[in-house]
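First up is the structure itself, then whatever we jot down about it.
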Amino acid sequence: MNLSTLNSSQKNAVTETEGPVLVVAGAGSGKTMVLTYRIAYLISKGVNPSNILALTFTNKAADEMKERIRHLIGAQAEKLSMGTFHSIFARMLRFESASLNYSSSYSIYDTDDSLSLIKRIMNELDISDNFLNPRFVQSRISKAKNKLIRPEAYENNFFGIHENKIKAIYEVYQQRLASSNAMDFDDLLIKPIELIEKDAKILQKYQKRFQYILVDEYQDTNHAQYKMLKLLSGGTNNICVVGDDAQSIYKWRGADIRNILDFTRDYSEARIIRLEQNYRSTRSILSVADSVIKRNLNQIEKNLWTENEEGNKVSVYECLDDKDEANYICKTITVKMMSKEFNINDFAILYRTNAQSRSFEEALIKSTIPYVVVAGTEFYRRKEIKDVIAYLRLLINPDDDESFLRVVNFPSRGIGQVSLDSLMKISIDNHCSLFKSTGILNESSVLSERAKKNFMSFHDLITKYAQLTERLNINELTRSLIDETGILKMYKEEGSEDSLNRYENILQLLNGIQDFTISNQGKSLVDFLNDIALISEIDKWEDKSNAVALMTLHSAKGLEFKNVFIVGCEDGLLPLSRDSNVDDLEEERRLFYVGCTRAKKNLHLSFARNRNRFGSLYPQTRSRFLDEIDERFVQFENTGVSYSYAHRRNTYSVKRTAQQKQKSVMPNYEDFSQEEKILTIGSKVSHDVFGEGTIRQMSGFGDNLKAVVEFDSGVRKHLMLKFAKLKVL
DNA sequence: GCAATTTACTTTTTT
DNA sequence: AGTAAATTGC
């Protein structure tokens, strides 16, 4: 193996193979290369690839690393255990399921399934969701699980009465998951720990199997993951973790930054190797990123440096609103593309929230610039897709109550809420799943004959196809099931734009299933469902695709682009505000840092003076992060509409009526109409078709000026003033 | 029991 | 603004 291309720290990180090692790897310091070489190096020293466990943050990262290792050492790479914590341990659980009283075809509940279960339990326990927000309950339960706190140990005094209720919900929640033969995402991490702690033989088996453990993105592991690593590495202590505390951005998901800060305490003989030379970005970009991140108090001391050229200054662009921001970016991309210096996939637009993608999509379409939105509304979370998947899940795990409830009356079989409530009662009384309950309806006197018949025919349908899973491949099975249930036909016949969309999505799913069947001959329906439960949108994204990439700052972790736009740099959006405490602000700052350090050549930051949120315009203040930047590396730009105007931040002229001044909470807008009489909120207007009415809301600028008009007939209309020729009365 | 209408809620980020 | 949930009317 040729290690001569590595610098001395990198070389150490590759060759120090025995004992615990912490690699503190700054952004762009060649972390992936080090991990890749380290694995190849281990194998070249005679370590059996099947004794190596490498845990990554995304499946995509695992696949890419495996591919690189294959280049270095050949087909042996296939024997590596490589993947995300969730996918590796989900597989382990399938194998060991019997010891946990689960079947190997258990279902994986995603966040939506889990939330719906929590809502159902709250309903049963008569806990109003006004009293307790189900999402809050979900997050409390998840956090407890991440900390390995079981329901019986759940502290019920912290938030008083609420915590009591949450504890009660948590208890039923775990029971219900077990009786449904289902695991949520947290269980995939917790159950392996239970398994290993319960049975020393199993622990020894896996300790022997995984003699060398490598963990990427260690700063984003949670307590359960930490515990699992501690147990697994207990035999040899050969554990190498790689991470950067400055890039820890998943605290909200239970990630515990102490895992990396305290690594040397937990593994006393650990060596620390620092990778501080950045090979990715220009000096300007790095200086900007560094000047911001150094405001954080909680961090490991380090000094990231580069030999790269200073490069262009980082641009900060002040725009009027979201549209202006989107247009500016399209224009910039177009100009840069004309220079022939870049490919279209050298550009990425990064934002804090998925909802921000819309204005860019519109502008990119208009400018005929190809783009891909990574994530957004995830394909597998769409209703119609989840419905089809629910059928498949039921076939291999009929006890999956969430799937049962999704499809028992879809398409409509004449089963309503009343019948369902009765069935749920039967299932609770008999401590069995809903599906099993449909098998014992003869004894029930509560249900009508009609309802019984409907439930039983559903029971028969599932039983029939469950048997067919033996004989048909996944593709044939799904197609025939969809045909018999008439789902596709239903959407096609309805003919609305919405249902046509759903129709096409299902076709797309069918194509995906066909591909899977062809390229994974040996794999079963269980494998397929497992795959799609644990795949993320970023996993599916092809960086080779010829398009501008749009994604959240979170999704961008681990990626790099020659040109990066970080948009919406406004207080409240980036940093995103809720009840802001210092920890949250530091995490937002790290997120901003992650974004900046994705850029190799050019970094463009932008903020808007006004932004559409929840449908109306709000004045914005530029992000405090922009003020933290070292000005020597920055170039400020603006719309050029009117510079002095631009400087009167949030105080520019808004034509307000006396009425409006009283209610100053109304969003600001600029009235560009040249009419003598001014259209404002409260103005009486007349419309050729709808008659007379009153303006209730306004938003937009210039040609995009929009009004919500309540007409005297009672109709409320959203009108674009450019088209709707309103007369002021 | 179902479709149509109204209301509420969302925008944090994801395995 | 756009979707999901809830409510109402048939």
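Averaged over every viewing direction, what's the projected area of the C-alpha convex hull for segment A:81-204? Give it in nm², one decimal, please.
Taking the Cα atoms of segment A:81-204, their convex hull projects to 8.0 nm² on average.
With a cut-off of 8 Å between alpha carbons and a minimum separation of six or more residues, what is the relative contact order of segment A:1-72 in percent?
Relative CO of segment A:1-72 lands at 32 percent.
How much length is gained on full extension from A:Ser412 to A:Lys540, taking 0.36 nm per residue of separation minus their Cα-Cα distance?
Additional length available on full extension: 42.7 nm.
Considering only Cα-Cα distances, which of the following residue pairs are longer than 23 Å: A:Lys11/A:Lys302; A:Lys313/A:Lys340; A:Lys66/A:Lys251; A:Lys45/A:Lys557; A:Lys147/A:Lys425; A:Lys119/A:Lys383?
Long pairs (Cα-Cα over 23 Å): A:Lys66/A:Lys251; A:Lys45/A:Lys557; A:Lys147/A:Lys425.
Note the full-extension length gain between A:Glu269 and A:Thr463 as 0.36 nm times their separation in residues minus their Cα-Cα distance, in nm to one decimal.
Additional length available on full extension: 64.1 nm.
I'd like the antiparallel share, as a percent to the nearest 5, of DSSP beta bridges with both residues in chain A.
30
Where Rh denotes the Kirkwood radius from the mean inverse Cα pair distance, what is Rg over Rh for segment A:413-502?
1.06
What shape does segment A:296-354 have by the C-alpha gyration tensor, where a ≥ b ≥ c are the square roots of the eigenvalues, rounded means a/c under 1.5, and otherwise prolate means a/b greater than b/c and oblate the rest?
On the way: a/c = 2.39, a/b = 1.39, b/c = 1.72.
Note, shape of segment A:296-354 comes out oblate.
Order A:541-548, A:163-170, A:465-472 from most to least packed using the mean count of other Cβ atoms within 10 Å.
Sorting A:541-548, A:163-170, A:465-472 by mean packing, highest first, produces A:163-170, A:541-548, A:465-472.
Quick query: amide H of A:Leu275 versus all other amide H atoms, modeled in the peptide plane; which residues come in under 5 Å with a sequence gap of 5 or more or a different chain?
Sorted by chain and number, the residues that satisfy this are A:Val24, A:Ala25, A:Gly26.
For segment A:278-387, what relative contact order do you get, as a whole percent, if you take Cα pairs closer than 8 Å and at least 6 residues apart? Spell out each step's value before the answer.
Values: 61 pairs, mean separation 24.8, N = 110.
Averaging sequence separation for qualifying contacts and normalising by length gives 23 percent for segment A:278-387.
Order these peptides, A:603-616, A:266-279, A:86-99, by their mean beta-carbon neighbour count within 10 angstrom, highest first.
Final packing ranking: A:603-616, A:86-99, A:266-279.
If R0 is 22 Å, what FRET efficiency do you get for A:Thr621 and A:Arg295 from their C-beta distance, rounded to 0.05? Numbers along the way, then the final one.
Details: r = 18 Å, r/R0 = 0.81.
Plugging the Cβ-Cβ distance into 1/(1 + (r/R0)^6) gives 0.80.
Would you give the gap between the C-alpha center of segment A:366-405 and the C-alpha center of segment A:424-473, rounded to a whole Å?
25
Only bridges with both residues in segment A:506-635 count here: give the DSSP antiparallel percent, nearest 5.
Taking every DSSP beta bridge with both residues in segment A:506-635, the antiparallel ones total about 50 percent.
What is the Cα centroid distance between segment A:83-149 and segment A:233-288, reported in whole angstrom?
When both Cα centres are located, 29 Å separates them.
Give the aspartates and glutamates whose C-alpha is closer than 16 Å to that of A:Lys294, dropping any in the same chain fewer than 8 places away, or say none.
Straight-line reach from A:Lys294, under 16 Å: A:Asp244, A:Asp245, A:Glu276, A:Asp583, A:Asp584, A:Glu586, A:Glu587, A:Glu588, A:Asp627, A:Glu628, A:Asp630, A:Glu631.
With a sphere of radius 10 Å drawn around the Cβ of A:Tyr491, what net charge do the other residues whose Cβ falls strictly inside it have (Lys, Arg +1; Asp, Glu -1)? Don't skip to the answer; put the middle values down first.
Numbers: positive: A:Lys489, A:Lys492, A:Arg502; negative: A:Glu384, A:Glu493, A:Glu494, A:Asp498, A:Glu504.
Combined, the nearby Lys, Arg, Asp and Glu give -2.
So between A:His71 and A:Glu378, what do we pick up on full extension, going 0.36 nm a residue minus the alpha carbon distance?
Details: separation 307, 0.36 × 307 = 110.52 nm, distance 3.24 nm.
Full-extension gain reported as 107.3 nm.
Would you mind computing, in nm to one decimal, how far apart the modelled labels at A:Lys453 and A:Ala355 are, each placed 7 Å from Cα along Cα→Cβ?
Taking the simple label geometry, A:Lys453 and A:Ala355 are separated by 4.8 nm.
Once you put a point 7 Å from the Cα of A:Glu470 and another 7 Å from the Cα of A:Glu276, both along the Cβ direction, what distance in nm separates them?
The modelled label-to-label distance comes out at 6.6 nm.
Run the reach check for A:Lys684 against lysines, Cα to Cα strictly under 27 Å, same-chain hits fewer than 8 apart removed. What comes back?
Straight-line reach from A:Lys684, under 27 Å: A:Lys655, A:Lys661, A:Lys663, A:Lys706, A:Lys717, A:Lys722, A:Lys725, A:Lys727.
Can you tell me the Rg and Dmax of chain A, counting just the alpha carbons, in angstroms?
28.6, 87
Counting each DSSP H run of 4 or more residues in chain A as -39500 (n - 2.57), what helix-only mean residue ellipticity at 222 nm follows after dividing by all residues, to the nearest 500 deg cm²/dmol?
Helix-only estimate at 222 nm: -13500 deg cm²/dmol.
With the crude spin-label approximation of a point 7 Å out along Cα→Cβ, what separation in nm comes out for A:Ser128 versus A:Arg613?
According to this spin-label approximation, the distance is 2.9 nm.
Return the ratio Rg/(2.2 N^0.38 Å) for segment A:509-578, where Rg is computed over Cα atoms only.
Working: Rg = 17.5 Å, N = 70, 2.2 N^0.38 = 11.1 Å.
After normalising by residue count via 2.2 N^0.38 Å, the value is 1.58.
In whole angstrom, note down how far apart the Cα centers of segment A:493-524 and segment A:299-358 are.
For segment A:493-524 versus segment A:299-358, the Cα centre distance is 35 Å.
Checking the cross-link filter: which lysines have an alpha carbon closer than 22 Å to that of A:Lys201, excluding same-chain neighbours under 8 positions apart?
Reachable lysines: A:Lys191, A:Lys227, A:Lys230.
Would you mind putting A:518-529, A:316-327, A:588-599, A:481-492 in packing order, based on average other-beta-carbon counts within 10 Å, highest first?
Working: A:518-529: 13.8, A:316-327: 22.2, A:588-599: 25.8, A:481-492: 16.3.
Packing proxy ranking, top to bottom: A:588-599, A:316-327, A:481-492, A:518-529.
Read-outs: derived from the displayed coordinates by stated rules, not from any lab. Keep in mind that this is a model prediction, so the values were computed, not measured. Positions of Cβ are generated from backbone atoms using ideal geometry, with glycine treated the same way; all protein chains shown enter the neighbour counts.
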